[in-house]
Every structure is written in C-alpha cells, then in structure tokens.
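Participant: Below you will find the structure I want to go over with you.
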Amino acid sequence: MAGGLSALRAQGHRLVALANSPHPVVDAQLDHAGLADRFDRIYSVEDAAALKPAPASYHHVLDAERTPARDAVMVAAHDWDIAGAQAVGMRTVFIARGNRTPLPGWPAPDAVVPDLTAAARVALAQQ
C-alpha cells in the first residue's frame, strides 16, 4: 500500500484519508500501518457529523480541501464508499481486494483495480 501511495504522491496528487472512525482511532491505525505520513491530511466523519456514505461526509472533505468533486477521486475497497463519492460527483476507483467485485445494482466505479499500485497507474492514465 505504501508503494501505491508514494506513486500517487509522485504524480503530484494531494492524498487525504476519510474514515468512519474517530480521529484517535484512525490516527492509531494509520500510524500502526506506517502510513500516516503518506497523507497530507486525515479526516474523520465525526467532523461532518455524518457517517459514510452520507454525502455530508464527502462534502466536508471537498469543502475543507477547496476541491470541486469533479477534480477528486475516491479510491476505496468498499462499495458504500464508492457509492457515496459518486453521489457527490467524485470519480471513483474500486480496489478489488481478495477478488471482490463491486456489488450489482450499485453505480459502477470509473475503474476496478486489484491494488493501490494499479490505482496509481489508472490515475496517471486519467491525468
């Protein structure tokens, strides 16, 4: 995962995380995984007072980052994260960990990849 994040950063992307967990929990998780320093900012839905996939969570991050939804990409391994991001107009990349596939009946993501390194390749191709 660190390699994929590094590749995205090398492409000039600003990297932020949005978690359903409170700040202390997500901070500890990312620290333990050795990934906290790979992100420019870490957001929690507690700031938006709405759990993902509620649009308020995504709007909170977009507003804080001063980024239009059309210029943001949600990379996630959860269908509900993809659906929430699409609902506010973001582009999406689904990471199909363990051969997962997007749920039928949900909006299709813009890309489906096996891992974060592949997501970085997709992002480069879309620039």
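Participant: Does G84 count as over 20 Å from L5 (Cβ atoms), at pLDDT 90 or above, within 14 Å of the chain's Cα centre (by Cα) and surrounded by fewer than 16 Cβ atoms within 10 Å (Cβ to Cβ)? Before you say what the answer is, go through the steps one by one.
Facilitator: Values: over 20 Å from L5 (Cβ atoms): yes; at pLDDT 90 or above: yes; within 14 Å of the chain's Cα centre (by Cα): yes; surrounded by fewer than 16 Cβ atoms within 10 Å (Cβ to Cβ): no.
Spelling it out, it is not the case that G84 is over 20 Å from L5 (Cβ atoms), at pLDDT 90 or above, within 14 Å of the chain's Cα centre (by Cα) and surrounded by fewer than 16 Cβ atoms within 10 Å (Cβ to Cβ).
Participant: If I filter the range 1-12 down to residues being open to solvent by 50 Å² or more (accessible area, probe 1.4 Å) and in a loop (DSSP other than H, G, I, E, B), which single residue comes out as farthest from A77 (Cα to Cα)?
Facilitator: For the range 1-12, the residue satisfying everything is G12.
Participant: Would you mind telling me which numbered condition in (1) touching a Lys or Arg at 6+ places or on another chain (Cβ under 9 Å); (2) open to solvent by 50 Å² or more (accessible area, probe 1.4 Å) L15 fails?
Facilitator: Exception for L15: condition (2).
Participant: Residue check, Y58 against (1) open to solvent by less than 40 Å² (accessible area, probe 1.4 Å); (2) farther than 29 Å from P104 by Cα; (3) modelled with pLDDT of 95 or more; (4) not small (G, A, S), all met but one. Which one?
Facilitator: Y58 satisfies all of (1) open to solvent by less than 40 Å² (accessible area, probe 1.4 Å); (2) farther than 29 Å from P104 by Cα; (3) modelled with pLDDT of 95 or more; (4) not small (G, A, S) except (2).
Participant: P114 is checked against (1) of a type outside the set (D, E); (2) closer than 19 Å to L8 by Cα; (3) open to solvent by 40 Å² or more (accessible area, probe 1.4 Å); (4) at pLDDT 95 or above and fails just one. What number does that condition carry?
Facilitator: (4)
Participant: Shifting gears a bit: Return yes or no: is T101 surrounded by fewer than 19 Cβ atoms within 10 Å (Cβ to Cβ), in contact with a strand residue (DSSP E or B) (Cβ under 9 Å, 6 or more places away or on another chain) and among the polar types (S, T, N, Q)?
Facilitator: Details: surrounded by fewer than 19 Cβ atoms within 10 Å (Cβ to Cβ): yes; in contact with a strand residue (DSSP E or B) (Cβ under 9 Å, 6 or more places away or on another chain): yes; among the polar types (S, T, N, Q): yes.
Criteria met by T101.
Participant: Determine, yes or no, whether A36 is touching a Lys or Arg at 6+ places or on another chain (Cβ under 6 Å), at pLDDT below 95, open to solvent by less than 30 Å² (accessible area, probe 1.4 Å) and closer than 18 Å to L5 by Cα. Reasoning before the result, please.
Facilitator: Numbers: touching a Lys or Arg at 6+ places or on another chain (Cβ under 6 Å): no; at pLDDT below 95: yes; open to solvent by less than 30 Å² (accessible area, probe 1.4 Å): yes; closer than 18 Å to L5 by Cα: yes.
No.
The values are calculated or read from the model by the stated rules, or taken from the named source; none is laboratory data. These numbers come from a predicted model, not from an experiment. Glycine gets a Cβ as well: all are built from the backbone with ideal geometry, and neighbour counts include every protein chain shown. These accessible areas exclude ligands, DNA and RNA; they are computed on the full protein's heavy atoms, side chains included. Shrake-Rupley method; radii C 1.70, N 1.55, O 1.52, S 1.80 Å.
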